[in-house]
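To keep things clear, I will list the structure first and then write my remarks on it.
The values are calculated or read from the model by the stated rules, or taken from the named source; none is laboratory data. Predicted model only: the values in this text are computed from it and were never measured. Virtual Cβ from ideal backbone geometry, glycine too; neighbours counted across all protein chains shown.
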């Protein structure tokens, strides 16, 4: 039989893994929603939802004329390596006009679409279990 200390260590590990999975799930939900629902003219803003671990990404990828299609793949790959306690997770978009889009400048998405994406993701993952048992 495992000692009390071993059981606590195992429970701590399960908790940390569960929290990391919940953080990954909510991040992926938000990222997918933002990528899909960002108003599109050139596609630059929609392709610039970037995931950073520990520090936010502060520069946009590509340009309106040269969109970098690898951003979503890179974001998911980076997130898959995340473990609890290894830093915060950031979703950023640094195209110069992203705030105007979120303020409702485009009729292709409602004002506050970023906040809406966060709320929807939180609702979807609220029942994700941290502990398996």
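Considering the range 94-120 alone, what residues qualify as being within 30 Å of residue 14 (Cα to Cα) and in contact (Cβ under 8 Å) with a residue 40 or more places away in the chain? Write out each step before concluding.
Step one: list which residues in the range 94-120 are within 30 Å of residue 14 (Cα to Cα), which gives 117-120.
Residues satisfying the conditions are 117, 118, 120.
Quick check: is even one residue across the range 74-91 under 19 Å from residue 40 (Cβ atoms), modelled with pLDDT under 90 and buried (at least 16 other Cβ atoms within 10 Å of the Cβ)? If you could, list the steps in order and put the result at the bottom.
Within the range 74-91, the first condition is being under 19 Å from residue 40 (Cβ atoms), and the residues that meet it are 75, 91.
Then keep just the ones that are modelled with pLDDT under 90; that gives 75.
In the following step, the residues that additionally are buried (at least 16 other Cβ atoms within 10 Å of the Cβ) were identified as 75.
Scanning the range 74-91, I find at least one residue that is under 19 Å from residue 40 (Cβ atoms), modelled with pLDDT under 90 and buried (at least 16 other Cβ atoms within 10 Å of the Cβ), so the answer is yes.
Taking the condition of being surrounded by 16 or more Cβ atoms within 10 Å (Cβ to Cβ) and without any contact (Cβ under 8 Å) to a residue 40 or more places away in the chain, how many residues in the range 33-64 meet it?
Here is the first cut: in the range 33-64, the ones surrounded by 16 or more Cβ atoms within 10 Å (Cβ to Cβ) are 33-35, 37-39, 44-53, 57, 60-62.
In the following step, the residues that additionally are without any contact (Cβ under 8 Å) to a residue 40 or more places away in the chain were identified as 35, 46-47, 53, 57, 60-62.
The number of residues fulfilling the criteria is 8.
Using the structure shown, decide if residue 14 is surrounded by 12 or more Cβ atoms within 10 Å (Cβ to Cβ) and farther than 29 Å from residue 100 by Cβ. Quick ask: steps written out before the conclusion?
Working: surrounded by 12 or more Cβ atoms within 10 Å (Cβ to Cβ): yes; farther than 29 Å from residue 100 by Cβ: yes.
It is true that residue 14 is surrounded by 12 or more Cβ atoms within 10 Å (Cβ to Cβ) and farther than 29 Å from residue 100 by Cβ.
A quick yes/no check of all residues on (1) under 15 Å from the mean Cα position of the chain (by Cα); (2) outside any helix (DSSP H, G or I); (3) within 21 Å of residue 20 (Cβ to Cβ):
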site	(1), (2), (3)
77	yes, no, yes
86	no, yes, yes
95	no, yes, no
99	no, no, no
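Mind checking which pairs have a first residue in the range 2-22 that is at positive phi and part of a helix (DSSP H, G or I) and a second that is modelled with pLDDT of 90 or more and surrounded by 11 or more Cβ atoms within 10 Å (Cβ to Cβ), Cβ under 9 Å, 6 or more apart or different chains?
Short answer, once both residue conditions are applied: none.
Could you tell me whether residue 123 is part of a helix (DSSP H, G or I) and either more than 30 Å from residue 10 (Cα to Cα) or touching a helix residue (DSSP H, G or I) at 6+ places or on another chain (Cβ under 7 Å) (or both)? Walk me through it before giving the result.
On the way: part of a helix (DSSP H, G or I): yes; either more than 30 Å from residue 10 (Cα to Cα) or touching a helix residue (DSSP H, G or I) at 6+ places or on another chain (Cβ under 7 Å) (or both): no.
No: the conditions fail for residue 123.
Looking at residue 130, is it within 19 Å of residue 45 (Cβ to Cβ) and in contact with a helix residue (DSSP H, G or I) (Cβ under 6 Å, 6 or more places away or on another chain)? Steps first, please.
Working: within 19 Å of residue 45 (Cβ to Cβ): no; in contact with a helix residue (DSSP H, G or I) (Cβ under 6 Å, 6 or more places away or on another chain): yes.
No: the conditions fail for residue 130.
Return the residue satisfying two criteria in turn: it lies in the range 101-117 and is assigned to a helix (DSSP H, G or I) and in contact with a helix residue (DSSP H, G or I) (Cβ under 6 Å, 6 or more places away or on another chain), and of such residues it is farthest from residue 27 (Cα to Cα).
Here is the first cut: in the range 101-117, the ones assigned to a helix (DSSP H, G or I) are 101-102, 113-117.
Applying the additional criterion that residues be in contact with a helix residue (DSSP H, G or I) (Cβ under 6 Å, 6 or more places away or on another chain) yields 102, 113-114, 117.
Details: 102: 19, 113: 16, 114: 13, 117: 10 Å.
Residue satisfying both the conditions and the ranking: 102.
For residue 87, state whether it is free of Cβ contacts under 8 Å to residues at least 40 places away in the same chain, at positive phi and in contact with a strand residue (DSSP E or B) (Cβ under 7 Å, 6 or more places away or on another chain). Spell out the reasoning first.
On the way: free of Cβ contacts under 8 Å to residues at least 40 places away in the same chain: yes; at positive phi: yes; in contact with a strand residue (DSSP E or B) (Cβ under 7 Å, 6 or more places away or on another chain): yes.
Considered against the rule, which asks whether it is free of Cβ contacts under 8 Å to residues at least 40 places away in the same chain, at positive phi and in contact with a strand residue (DSSP E or B) (Cβ under 7 Å, 6 or more places away or on another chain), residue 87 comes out as yes.
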